[in-house]
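The values are calculated or read from the model by the stated rules, or taken from the named source; none is laboratory data. Source: prediction; values computed, not measured. Using ideal geometry, Cβ is built from the backbone for each residue, glycine included, and neighbour counts are taken over all protein chains shown. Just so you know, the surface numbers come from the protein's heavy atoms only, side chains and all, with ligands and any DNA or RNA stripped out. Shrake-Rupley method; radii C 1.70, N 1.55, O 1.52, S 1.80 Å.
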Amino acid sequence: MKMLGSLYFRLPIDSLNLNETKAIQRRKSHHRSKGPSEKESQEQEKVLQPLINVEPTFVGLEFRIKYVLLLLALYLGIGTLWFFLIKNQIYGKKTNGVIDAIYFCVVTMTSVGYGDLVPHSTLAKILSCIYAFTGVALVGLILSNAADYIAEKQGILLVKSMLKNEKFNTAEVLMDVETNRDKYKFLMTSLLLVVLIISGISFLILVEGMEFIDAFYCVCSTMTTLGYGDKSFSTQEGRMFAILWILSSTICLGQFFLYLAALYTEKRQRSLVKWVLNRKLTPSDLEAADMDHDEVVSAAEFILYKLKEMGKIFQDDVLLLMERFKDLDVDHSGTLTTDDLILS
């Protein structure tokens, strides 16, 4: 959209040539008044600008993830208190009252539902239903925020490490991170998923005393939230481990399939872009791209037409931006200046 911004400043197209000439003259006179030191500082600012723009985004994501974690802690705290107070109304194999209450909260909110602990009374069933519905919504909130936070953090760390070597261009590194965002998220999620599977199987074998096949079966049925119930965490140590493991593994698997779908969509989008750029133009294309109907297609008209064809922008977007441009162009010169901004 940065590219589009420069194009919209140059419309309407019927005054394009005259406006470009004026703009060039203004730029020339502006450059003559600048000293060497000022030019160097501007070049340095231009290189660092992409990193400056990324930092506020990361700070916003960091604030959101802290808010979500606080909400999760509050949610688990309330649920633990609920189910601890009615622990006698929950049947099944029990270990420790507090640990069992937290374990039941996690199993319920992630919809795993082993069946090793089940609500028996009317009150316990009603509370479980309320907790299950709100828990699914909270898990979705955690999914979206946690993944974005991790991806942005890794992207910024990558950029900062690249900046230590002057051979790398900051803008190019940031562009690569932005372009392959879904790819990096998918790779990180895949790695984390493998770690969670291995740790889950190892714990079930070493602590719960399961055979490898049973442990693998329990891990798969848990991560996919099937929760058959014939194999589950039955010891106090196992449920302490399961509180964190179930929550993180179910979320991770959901993100894995989400990013897999995003990669497939991105691949199709890139194929569409490649087809749009490589296909031969026809007279009908030129006619459609000629916005001012002067039988000549300018660079701005061509780019706008191709972006619309790629599905990057839509005609309604262009019209809205044109209206905004006309409102800002107080002197109706076809360009925006500081005077226009002051007067508007």
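Look at (1) modelled with pLDDT under 90; (2) farther than 14 Å from Leu127 by Cβ and you find that Ile99 fails only one, number (1).
Residue by residue through segment 199-248, note down the ones that are of a type in the set (Lys, Arg) and either open to solvent by 50 Å² or more (accessible area, probe 1.4 Å) or on the phi > 0 side of the Ramachandran plot (or both). Matches in segment 199-248: Lys231 only.
The condition (being in contact (Cβ under 8 Å) with a residue 40 or more places away in the chain, open to solvent by less than 90 Å² (accessible area, probe 1.4 Å) and outside the structural domain of Lys185 (by the TED database)) is satisfied by just one residue among Leu263, Leu321: Leu321. For Glu301, all conditions in the list (1) surrounded by 16 or more Cβ atoms within 10 Å (Cβ to Cβ); (2) of a type outside the set (Ser, Thr, Tyr); (3) more than 35 Å from the chain's Cα centre (by Cα) hold save one; what is the number of the exception? The failed condition is (3).
Considering only residues that are over 20 Å from Gly254 (Cβ atoms) and in contact with a Leu (Cβ under 6 Å, 6 or more places away or on another chain), which ones fall in segment 198-238? Once the filter is applied, which keeps residues that are over 20 Å from Gly254 (Cβ atoms) and in contact with a Leu (Cβ under 6 Å, 6 or more places away or on another chain), segment 198-238 yields Met210, Ala215.
Restricting the search to segment 93-117, which residues are over 15 Å from Ile130 (Cα atoms) and open to solvent by less than 50 Å² (accessible area, probe 1.4 Å)?
Of the residues in segment 93-117, the ones over 15 Å from Ile130 (Cα atoms) are 93-103, 112, 114-117.
Within segment 93-117, Gly97, Ile99, Asp100, Ala101, Ile102, Tyr103, Val112, Tyr114, Gly115, Asp116, Leu117 meet the criteria.
The residues of segment 267-324 that are among the acidic types (Asp, Glu) and on the phi < 0 side of the Ramachandran plot, listed by number, are Asp285, Glu287, Asp290, Asp292, Asp294, Glu301, Glu309, Asp316, Asp317, Glu323.
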